[in-house]
Each structure stands twice: as structure tokens, then as C-alpha cells.
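The next block holds one structure in the form of C-alpha cells; read it before the comments.
The values are calculated or read from the model by the stated rules, or taken from the named source; none is laboratory data. This is a predicted model, so every value here is computed, not measured. Cβ placement follows ideal geometry from the backbone for every residue including glycine, while neighbour counts extend to all protein chains displayed. For the accessible areas, the whole protein counts, side chains as well, though only heavy atoms, and no ligand, DNA or RNA atoms are used. Shrake-Rupley method; radii C 1.70, N 1.55, O 1.52, S 1.80 Å.
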Amino acid sequence: MHIKFLSDHFTHVIIDEAGQCVESDALIPATFLSRNKGQVILAGDPKQLGPVLTSHIAKYCGFDKSLLERIAEHEYYLPRYGTDKNDFDERFVTKLKKNYRSLPSILHVYSQLYYNNELEAEVSEEDSKEIQLLQSIDSILWNRHLPNEKCGIFFINVNGRNLRTLESSSWFNDEEASRVFLFACRLKKLGISMQNVGIITPYSLQVKRLRGIFDEAMPGCGLKVGSVEEFQGQERDIILVSTVRTNHKLVATDQQFNLGFLQCPKRMNV
């Protein structure tokens, strides 16, 4: 605006991570587009988390739905009629199906749940750095004599308790936080840099708990602890997920206060 370009100067406006952008924020750069010609490209994933809002009024007014997600629901952007549900009009939609981040065993689950089983894993199970990393930590992944030793997902059972404070509706699980810390120590002992490790948990109190443990025990190690929202769009070689929840009777509380991931498919996808 300050440079004062001519009104027909910009032929293309490209907005990255448009799925996380409030609709009015996306419309501002779109106003710079030439009126007679031009194209707006919204790059993002409407099946992941949308705009992060703190105002209940803004949510009530629909600002939690991005321009990308709203347009994706329009008939021009939906699959065309026919037997192929993935047959989109290429004049409106370009779908990026190749994934360069995850081992096939990780990608397969979410491809089925969210993307009509159309994602293609470009990470090899034979000679990629990801499979080599998995094999290098095999000694701390017990019971790996199962049929698929190349599975990139590993579960650790923790018999912990869900706790919370009087000041917050969030939850924490000290037993689980301890196990996550011990597992990170084992990774460090195997030579894994903590800068390549991330810890995700869907509860702010558990984030605070884990950050306190690592700040005291491994100050400046570079390991990141954060919520699902903080990690969207980022990646680490190894992700530890602290789910916290151990009691199904408390799921209704999550729904009431928009906590966790069980009631939010988009958060689960991230």
C-alpha cells in the first residue's frame, strides 16, 4: 500500500498456510490483485487446524473457518460427478498427494482417515534416512519382533492418573511426563540430538509440566515441547506424543472446553 503500485500491477497472489489464516486476513492481500486479470492461489490443508482464535465472539461469527476451507466446500472445488471421488476440476484444484515426511506405516493411517487413501509415501522403507534412524533406536523399542519391524509408530503404555489444578480446565499426567523424559534420555544416550526431537501434547498443563522437567534436567538442549497448534507445519525426526488422557469418562469435559484431540479430527490429523 505504501509503495503505491498501480492497480493492475499484481497478476498473482499466493497465500501459504491459508488454512490457518482468518478469512479477513486472506482477503487483504487479495485486494491487490488486478481487477481485469489475475489469480489467487491458496496453499494449505483444510483438513488440518484452522485459525487459532481466542475470542468466543469471533468463533460465533464464523471466523474459525478459513477462506480456504469455505471455498473448498463450494461445488466448483468438490469432486466432479463420476465414479472417481478424487476427480477434481484442475482449473480450480491442484492436490499435492506426494508426502516426503513420513514412513509409509505412519502416512497410511492418516491417508485412510482423512484423504481418501490417496496420499503417496515418497520415503522408502529400505534405504531412507528415516528407516535408518528407526533401526538405530531399535534397542530401546521393546517387543519389536512383531511382523512389521519397519513400523514408524511405537506405543508406550503408562498407568498414570489424569490430574488438574483448580485454576485450569486443562489436564496433566505426571507418570506419563516422567516416562516421556526417560525415553528422551534413552534417545540422547543413543546419540540422538535433542534438536531433532519434538514432544507434542494436546493439554497446556502437560506442556508446562514437560517444559519444566526438560528446562531443569537438560537446559538448552534444543528439544521442543509444545501443543498441537504450535507444531502444525513443523517437523522433527522423532516425535513423542503425550496423550495424557487415561479415563474415557472425562472425554465430555474435553468437548466442553475444546481440549485434547478425541473430539477434534483436525487436531488428531496434525
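Numbers at a glance
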| quantity | calculated |
| --- | --- |
| Whichever residue in the stretch 232-270 is in a loop (DSSP other than H, G, I, E, B) and among the basic types (Lys, Arg) and, among such residues, is surrounded by the fewest Cβ atoms within 10 Å (Cβ to Cβ) | Arg236 |
| Any hit, the stretch 187-206, residues being at pLDDT below 95, in contact with an Asp or Glu (Cβ under 7 Å, 6 or more places away or on another chain) and open to solvent by less than 20 Å² (accessible area, probe 1.4 Å) | no |
| Residue that is farthest from Gly233 (Cα to Cα), among those in the stretch 8-58 that are in contact with an Asp or Glu (Cβ under 8 Å, 6 or more places away or on another chain) and of a type outside the set (Gly, Ala, Ser) | Asn36 |
| Meets criteria (touching a residue at least 12 places away in the same chain (Cβ under 8 Å), open to solvent by 30 Å² or more (accessible area, probe 1.4 Å) and of a type outside the set (D, E, K, R)) for Thr165 | yes |
| Residues being touching a residue at least 12 places away in the same chain (Cβ under 8 Å), part of a loop (DSSP other than H, G, I, E, B) and farther than 14 Å from Glu17 by Cα - total across the stretch 38-61 | 2 |
| Top-ranked residue in the stretch 29-52 [being open to solvent by 70 Å² or more (accessible area, probe 1.4 Å), over 17 Å from Val93 (Cβ atoms) and not hydrophobic (A, V, I, L, M, F, W, C); ranked as nearest to the chain's Cα centre (by Cα)] | Thr31 |
| Lone qualifier among Tyr76, Tyr110 - being part of a helix (DSSP H, G or I) and open to solvent by less than 90 Å² (accessible area, probe 1.4 Å) | Tyr110 |
